[in-house]
Amino acid sequence: MKILVPVKRVVDYNVKVRVKPDNSGVDIANVKMSMNPFCEIAIEEAVRLREKGAATEVVAVSAGVLQCQETLRNAMAIGADRAILIETDVELQPLAVAKLLKAIVDKEQPGLVILGKQAIDDDANQTGQMLAALLGWGQATFASKVEVNGNTATVTREVDGGLETISLKLPAIITTDLRLNEPRYATLPNIMKAKKKQLDNVKPAELGVDVTPRLTTLKVEEPPKRQGGVKVADVAALIDKLKNEAKVI
Amino acid sequence: MANLVIAEHDHGSLKSATLNVISAAVAIGGDVHVLVAGTNASAAAAAAAQVVGVSKVLLADGPAHARLLTENAAAQVVAVAAGYSHILAPATAYGKSVAPRVAALLDKAQISDIIKVVDADTFQRPIYAGNAYATVKSSDSIKVLTVRGTAFNAAANSGGSGAVESITVVNDSGLSSFVSAEITKSERPELTAAKIIVSGGRGLGSGDKYREVLTPLADKLNAAMGASRAAVDAGFVPNDYQVGQTGKIVAPDLYIAVGISGAIQHLAGMKDSKVIVAINKDPDAPIFSVADYGLVGDLFEVVPQLAAAL
């Protein structure tokens, strides 16, 4: 079975982003870019499934600017066998990405697609579910445990209030939550090996997909700042403030 | 213009997040209808009909919805979607799974986690873990939205007079099936709906200490209990306790952060609380920069004192 893993290049999670003074967006010039952490977990899970013998090939795919090649090389350093870049300078929204990925799925015919549950830039949390819809496949979001047995995958999901386990008929879509696994570090030999792995390049037009955005961002602002308050001396002072000033107890 | 709210429920009653979504639908304007897709769910439908602002409840009552499987829920929404200008769901695990599937089936964009209705086409939503707010306008004929519950007041759950209409139930897709669930049983209020939350971080040192130190305080205040990601990753408490960007977003009247340093990802989940109290031994902890009342001290002394004095 082949596993397809879409990955996204995003502003590194350690970077504190700043809103541009003209409110047109956030300033991402000269900031460190990395693979979205949830996508890293997806790659790791796919590689583990191949190592366990549940899969034969792991294909990473990314959509975006040419520099996404670095993200794909990183995916191959973790263990993906080859990669595909859908290259475009157009701002891609989740529905467009899902349509691009559907075109790749139609070509590659994977038995399973594993994606991160959300990207830490737009925080949309949509692409996996949308891809499942377009393919007519089952979906398991927020996975914290995945087992593949023949034609089914058993997935434990993090839901409000606890955990839920469902069984999916393959092919299917899984999106990863934080605690599914801890991705390995790419070792230097594997980084070198990844440079020689196959990386194909396609354009949205070749896939016959219209990626025109449906949503327009009118402005991006700083959230209202919360002001720090006062330090209190002891428990008695704290209780006094909560009762008489804030009146919350 | 008419809005369809996808209800989150347990067949017998509505989940409180649904009430916040109904408020968002009322803010958009036009009729508000609620879809209850469940099994033996007439009680949940009746509850939805009582909510102020709801004019009609669509009840899809059948075996396909016994386990609230996403594929069947999305197909049910799509079956009734024609004629609605807006389709709204709570930004919960359930809503976040169903809404994008609905949007893609309708070939529409989805706008996630809205915190403000600007007008019928324009919404505000947080990006970059709440470090920026984007105002987004949709050009689609149907807007599919998920709603951050803490950003909208709950609609009154009695006094309404909606009509309940039964609709044809979709067939089971056969794509997924329920195996088991481990839902944390608790006498406490639900985290996202609680008026007071007592939350603990790595400073507590262990799961035993977390329970020993925080439970008496939470009991006194009838509070829900939460935790930072550090405390969850260290195994002190289960995942569903986690407050933060990748956990639950909360906004109670009072949030007491104990032994929590205040990482950005935690602050993203609780900074809209009305009053924040921080108890930490490190006077430079970032949590103090957002706390209304900070108490610098040893939590193992201060918290029991606080619980005893209440």
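Considering the stretch B:193-213 alone, what residues qualify as being facing another protein chain (nearest Cβ under 9 Å) and open to solvent by 70 Å² or more (accessible area, probe 1.4 Å)?
The one that is facing another protein chain (nearest Cβ under 9 Å) and open to solvent by 70 Å² or more (accessible area, probe 1.4 Å): B:K195.
Before we move on, is A:T216 at the interface with chain B (Cβ under 7 Å from one of its Cβ atoms) and open to solvent by 30 Å² or more (accessible area, probe 1.4 Å)? Even if it seems obvious, please write down each step before you answer.
Numbers: at the interface with chain B (Cβ under 7 Å from one of its Cβ atoms): yes; open to solvent by 30 Å² or more (accessible area, probe 1.4 Å): yes.
When the stated conditions are applied, A:T216 passes them.
Take B:I287 and decide whether it is within 13 Å of chain A (Cβ to nearest Cβ), within 23 Å of A:A246 (Cα to Cα), among the aliphatic types (A, V, I, L, M) and in a strand (DSSP E or B).
Details: within 13 Å of chain A (Cβ to nearest Cβ): yes; within 23 Å of A:A246 (Cα to Cα): yes; among the aliphatic types (A, V, I, L, M): yes; in a strand (DSSP E or B): no.
Judged against the criteria, B:I287 is not a match.
Taking only the stretch B:117-176 into account, find how many residues are among the hydroxyl-bearing types (S, T, Y) and within 13 Å of chain A (Cβ to nearest Cβ).
Selection size over the stretch B:117-176: 10.
Output the qualifying pairs, or none if there are none: Cβ atoms under 8 angstrom, residues six or more apart or on different chains, first residue in the stretch B:164-183 and part of a loop (DSSP other than H, G, I, E, B), second residue surrounded by 15 or more Cβ atoms within 10 Å (Cβ to Cβ) and among the basic types (K, R).
B:G174/A:K169; B:L175/A:K169
Kindly establish whether A:T141 is in contact with a helix residue (DSSP H, G or I) (Cβ under 9 Å, 6 or more places away or on another chain) and either facing chain B (nearest Cβ under 10 Å) or part of a strand (DSSP E or B) (or both).
Considered against the rule, which asks whether it is in contact with a helix residue (DSSP H, G or I) (Cβ under 9 Å, 6 or more places away or on another chain) and either facing chain B (nearest Cβ under 10 Å) or part of a strand (DSSP E or B) (or both), A:T141 comes out as yes.
Within 19 Å of A:E70 (Cα to Cα), acidic (D, E) and within 14 Å of chain B (Cβ to nearest Cβ), is that true of A:D22? Write out each step before concluding.
Numbers: within 19 Å of A:E70 (Cα to Cα): no; acidic (D, E): yes; within 14 Å of chain B (Cβ to nearest Cβ): yes.
So A:D22 does not fit the description; no.
Determine if the stretch A:34-41 includes at least one residue that is surrounded by fewer than 18 Cβ atoms within 10 Å (Cβ to Cβ) and of a type in the set (S, T, Y).
Checked against the condition, which is being surrounded by fewer than 18 Cβ atoms within 10 Å (Cβ to Cβ) and of a type in the set (S, T, Y), the stretch A:34-41 yields no hits at all.
Could you list all residues from the stretch A:156-203 that are assigned to a loop (DSSP other than H, G, I, E, B) and small (G, A, S)?
A:G161, A:A186
Quick one: is A:E206 within 7 Å of another protein chain (Cβ to nearest Cβ), acidic (D, E) and either farther than 28 Å from A:G64 by Cβ or not in a loop (DSSP other than H, G, I, E, B) (or both)?
On the way: within 7 Å of another protein chain (Cβ to nearest Cβ): no; acidic (D, E): yes; either farther than 28 Å from A:G64 by Cβ or not in a loop (DSSP other than H, G, I, E, B) (or both): yes.
It is false that A:E206 is within 7 Å of another protein chain (Cβ to nearest Cβ), acidic (D, E) and either farther than 28 Å from A:G64 by Cβ or not in a loop (DSSP other than H, G, I, E, B) (or both).
Out of B:P100, B:P90, I need the residue that is open to solvent by less than 10 Å² (accessible area, probe 1.4 Å), facing another protein chain (nearest Cβ under 8 Å) and either out of contact with any Leu (no Cβ under 7 Å at 6 or more places or on another chain) or over 21 Å from A:G161 (Cα atoms) (or both). Which one?
B:P100
So A:R179 ticks every box in (1) over 25 Å from A:E87 (Cβ atoms); (2) surrounded by fewer than 22 Cβ atoms within 10 Å (Cβ to Cβ); (3) of a type outside the set (V, I, T); (4) more than 7 Å from chain B (Cβ to nearest Cβ) but one. Which box is left unticked?
(4)
What tally of residues in the stretch B:214-248 results from selecting those that are in contact (Cβ under 8 Å) with a residue 60 or more places away in the chain, within 12 Å of another protein chain (Cβ to nearest Cβ) and open to solvent by 40 Å² or more (accessible area, probe 1.4 Å)?
Number of matching residues: 2.
The values are calculated or read from the model by the stated rules, or taken from the named source; none is laboratory data. Treat the numbers as computed from the prediction; the structure is a model and nothing was measured. FYI the Cβ positions are ideal-geometry reconstructions off the backbone, even for glycines, and counts take in every protein chain you see. SASA here: full protein model, heavy atoms, side chains in, ligands and nucleic acids out. Shrake-Rupley method; radii C 1.70, N 1.55, O 1.52, S 1.80 Å.
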